[in-house]
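A.B. asks: Once you've had a glance at the structure underneath, I'll fire off some questions.
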Amino acid sequence: MTDELRIFLELNLPKPKEGKKAKYSLGVVEPKVGSHISEVTGIPCQSNEFVQELLRGVRLHFDRFISELKKSDLEKAQLGLGHSYSRAKVKFNVNRVDNMVIQAIFLLDTLDKDINSFSMRVREWFGWHFPELVKIVNDNYIYAKLADYIKDKSELAEKDISKLADLIGDEDKAKEVVEAAKASMGQDLSEVDLMNVKQFAQRVMNLSEYRKNLYEYLVTKMNDIAPNLTSLIGEVVGARLISHAGSLSNLAKCPASTLQILGAEKALFRALKTRGNTPKYGLIFHSSFIGRASTKNKGRMARYLANKCSIASRIDCYSESATSVFGQKLREQVEERLDFYDKGVAPRKNLDVMKAAIDSMVNDATNDVDDGEKVDASAKKSKKKKSKAEADGEAMDLDKPSNVADEAELGTEKKKKKKKHKLEEEPQEQEKSAARANEDAEPKTATEGKKKKKKKHKLEEEPQEQEKSAARANGDAEENGTPKKKKKKNRKKKKKKKSKAEDSD
């Protein structure tokens, strides 16, 4: 559930009360999405055939429910959705396209069959003319080269031994070919027949050369796509496993037990039907490890190798940086397991091997960074040296005497100008120093004047402060004296009142 869907549902649907069942349910096509909605928002969801039928009708008549939406707009939106979905499915890394490996291994297998059948046809066709050559030369490619070079056996002589030795790679065999041509039992062919044999031999040679180029291409692509699987089990077997699984991601999803019998499906189902023994290995049998193991240990070795191949394929599929460190370490583990089966030497633990692989990968990364910094520093130094050398070369052109004289004259003129400039600058510097001295003196006088003013102000303020203090003292004395006078007056008044009251009595 996206945040937009959650906000839309919370705004448009009433919130269910806690401890009570909601009076509505939300119809959802996907039951997993419905369970997530009910967990997060608490809205009850329902997913069944009735809901699917309702939503099918909604999709069919969607343009009628919304007045502003036209049928053409809906078709365009559906088309855009289909295009975006297909783009998302097709998106891949250009350097890690396993489809190219699948096509290359299919073509390699078909080329092997075609070259084998065509070379046999060349042997039969040219064998009518020179039947002894088949016993001398066994390789199909070399036989096609010789058929292209010899043409007519009657024209062979000792002068051709050196060229034949270059083609075969052995001088003794070249001499045998010349001697066999002299006493050959084959029939003579016309020029037209020999031309056709030569053209067909050239086609076989071209096909075999193309097969070599295709194998080199497959090796490079496998090192780019699945470096760990390639270093563990080889390019051809790894490519066959990827092509049989369908892709590298499908191979990574396979468990080790499935990978072990990949390519032996017929034997597996036959064994399940007849209740016989199931096959021990499929395409993985072509690996050199199983061939080196003893007959009783071939099944154990296949199981162990399938386990390591599944680990390598998962690392190649899901790792961001393509490194073959893990594949090399896994190969070392398989070698140790072979020694354990043969000699009883205890192999290392998987945890220790993986730690060693991670450490080596980190060290390689740091070394690459250091090498890059060194290269940058050396490039900067070389640039500086070049600039210095260019400057020195421009300064010292000794091949031109007139330029030297001109430079000497220019040097004398510059010296004269410098002297004049110094003489002009001396009075200016004296004036500047005098101005600075005056500026330094001015602040000193200003400070002295300020100090004198402060002293005068203090002397003037002292008598004023004395007067103020005397006035305060008098005021306090007066304030203290007033209450005594008032008390005397009050006593006199009381006495008078008493005397009046006594007279009246």
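A.B. asks: Considering only helices (runs of 4 or more DSSP H) fully contained in the stretch 124-220, which possess at least 2 residues that are assigned by the TED database to the domain that holds Ile105, in contact with a strand residue (DSSP E or B) (Cβ under 6 Å, 6 or more places away or on another chain) and open to solvent by less than 50 Å² (accessible area, probe 1.4 Å)?
C.D. replies: Per the criteria, no element qualifies.
A.B. asks: Let me ask something else about it. Being among the aromatic types (Phe, Trp, Tyr) and in contact with a helix residue (DSSP H, G or I) (Cβ under 6 Å, 6 or more places away or on another chain) is the filter here, so list the residues in the stretch 315-341 that pass it.
C.D. replies: Across the stretch 315-341, the qualifying residues are Phe326, Tyr341.
Residues are listed down the side, and each one gets a yes or a no for (1) surrounded by 10 or more Cβ atoms within 10 Å (Cβ to Cβ); (2) touching a Gly at 6+ places or on another chain (Cβ under 9 Å); (3) among the β-branched types (Val, Ile, Thr); (4) farther than 25 Å from Glu10 by Cβ:
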| position | (1), (2), (3), (4) |
| --- | --- |
| Lys21 | no, no, no, no |
| Val28 | yes, yes, yes, no |
| Glu39 | yes, no, no, no |
| Cys45 | yes, yes, no, no |
| Arg56 | yes, no, no, yes |
| Leu60 | no, no, no, yes |
| Asp63 | yes, no, no, yes |
| Lys70 | yes, no, no, yes |
| Leu74 | yes, no, no, yes |
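A.B. asks: Of the numbered conditions (1) under 30 Å from His244 (Cα atoms); (2) open to solvent by 60 Å² or more (accessible area, probe 1.4 Å); (3) of a type outside the set (Asp, Glu), Lys32 satisfies every one except a single condition; which is it?
C.D. replies: Failing condition for Lys32: (1).
A.B. asks: Among the residues of the stretch 231-240, which ones are surrounded by fewer than 24 Cβ atoms within 10 Å (Cβ to Cβ) and in contact with a Gly (Cβ under 8 Å, 6 or more places away or on another chain)?
C.D. replies: Once the filter is applied, which keeps residues that are surrounded by fewer than 24 Cβ atoms within 10 Å (Cβ to Cβ) and in contact with a Gly (Cβ under 8 Å, 6 or more places away or on another chain), the stretch 231-240 yields only Ser231.
A.B. asks: Going residue by residue through the stretch 278-298, is there one that turns out to be in the same structural domain as Leu338 (by the TED database), open to solvent by 40 Å² or more (accessible area, probe 1.4 Å), part of a helix (DSSP H, G or I) and hydroxyl-bearing (Ser, Thr, Tyr)?
C.D. replies: Yes, the stretch 278-298 has at least one match.
A.B. asks: Consider only pairs whose beta carbons are under 6 Å apart and that are at least six residues apart or on different chains; among these, list those whose first residue lies in the stretch 54-81 and is at pLDDT below 85 and whose second residue is in a helix (DSSP H, G or I) and open to solvent by 100 Å² or more (accessible area, probe 1.4 Å).
C.D. replies: Every condition considered, the pairs that remain are Asp63/Lys71.
A.B. asks: In addition: Under 30 Å from Lys253 (Cα atoms), among the β-branched types (Val, Ile, Thr), surrounded by 10 or more Cβ atoms within 10 Å (Cβ to Cβ) and modelled with pLDDT of 80 or more - does that describe any residue in the stretch 327-343?
C.D. replies: Looking through the stretch 327-343, at least one residue is under 30 Å from Lys253 (Cα atoms), among the β-branched types (Val, Ile, Thr), surrounded by 10 or more Cβ atoms within 10 Å (Cβ to Cβ) and modelled with pLDDT of 80 or more.
A.B. asks: Then there is this: Picking from Arg87, Arg64, which residue would you name as being assigned to a helix (DSSP H, G or I), of a type in the set (D, E, K, R) and either assigned by the TED database to the domain that holds Ser243 or under 30 Å from Leu218 (Cα atoms) (or both)?
C.D. replies: Arg87
A.B. asks: Exactly one condition in (1) over 33 Å from the mean Cα position of the chain (by Cα); (2) under 25 Å from Gly238 (Cβ atoms) is false for Asn99; which is it?
C.D. replies: It is condition (1) that Asn99 fails.
The values are calculated or read from the model by the stated rules, or taken from the named source; none is laboratory data. These figures come from a predicted structure and were not determined experimentally. Neighbour counts are summed over all protein chains in view; Cβ atoms, including those assigned to glycine, are modelled from backbone coordinates with ideal geometry. Please note that ligands, DNA and RNA were not included when accessible areas were found on the heavy atoms of the full protein model with its side chains. Shrake-Rupley method; radii C 1.70, N 1.55, O 1.52, S 1.80 Å.
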